[in-house]
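These notes concern the structure reproduced below.
The values are calculated or read from the model by the stated rules, or taken from the named source; none is laboratory data. As the structure is a prediction and not an experimental result, all values here were calculated from the model. Counting neighbours? That spans all protein chains shown, and the Cβs are built from the backbone with ideal geometry, glycine included. Just so you know, the surface numbers come from the protein's heavy atoms only, side chains and all, with ligands and any DNA or RNA stripped out. Shrake-Rupley method; radii C 1.70, N 1.55, O 1.52, S 1.80 Å.
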Amino acid sequence: MYMKLELIVLPVSDVDRAKAFYEAAGFRLDLDKAVHAEWRAVHLTPPGSECSVMFGTGLTSAEPGSVQGLYLAVLDIEEARAELIARGVEVSEVFHDAGGLLFHGHEDGEITHRREGQGRLADPHPDRASYGSFATFSDPDGNGWVLQEIKQRFPGR
């Protein structure tokens with residue numbers, strides 16, 4: 001079976017504000033279509049991604065800001081963070097997990113740790129191990145994003 005994640009619907013409270021935020025963050029605008037006053041779809045794609053996001057009017061009943069844990073894979077965490085900041089996005093400091101793996105949940109765009117021995121430590125992973133360095137940001141509604149540095153993918157990915 002072949003399946004590929006294509007699109008994630010984000011709940012937002014102000015479509016134009018969200019559109020401006022994602023365009024400023026470097027996402028490519030693919031579509032902005034309004035059929036009538038109660039239905040509008042804005043479709044954007046992160047740079048280099050095959051999966052897109054869509055938000056608008058009449059698309060979802062989810063609460064604005066309720067989507068958490070949207071991961072963006074980056075080759076260089078510090079470079080990606082710096083570029084987003086230069087584009088006006090507030091991004092957390094780079095961090096890694098004390099336990100080596102990141103087991104976490106998301107609350108209002110922030111990563112929270114749930115298991116003993118794990119915690120958020122400043123700076124990239126000491127070995128710059130793939131999947132080990134992170135930074136977070138949120139859109140204006142609080143939908144939470146995670147930058148994750150991946151230099152070499154696990155087999156089969």
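Things worth noting here:
- Of all residues in region 31-86 being acidic (D, E) and surrounded by 13 or more Cβ atoms within 10 Å (Cβ to Cβ), the one that is farthest from V146 (Cα to Cα): D32
- Among the residues of region 87-96, the one identified as within 17 Å of R120 (Cα to Cα) and open to solvent by 60 Å² or more (accessible area, probe 1.4 Å) is E93.
- Matching entry among L59, L84 (being under 14 Å from the mean Cα position of the chain (by Cα) and at pLDDT 95 or above): L84
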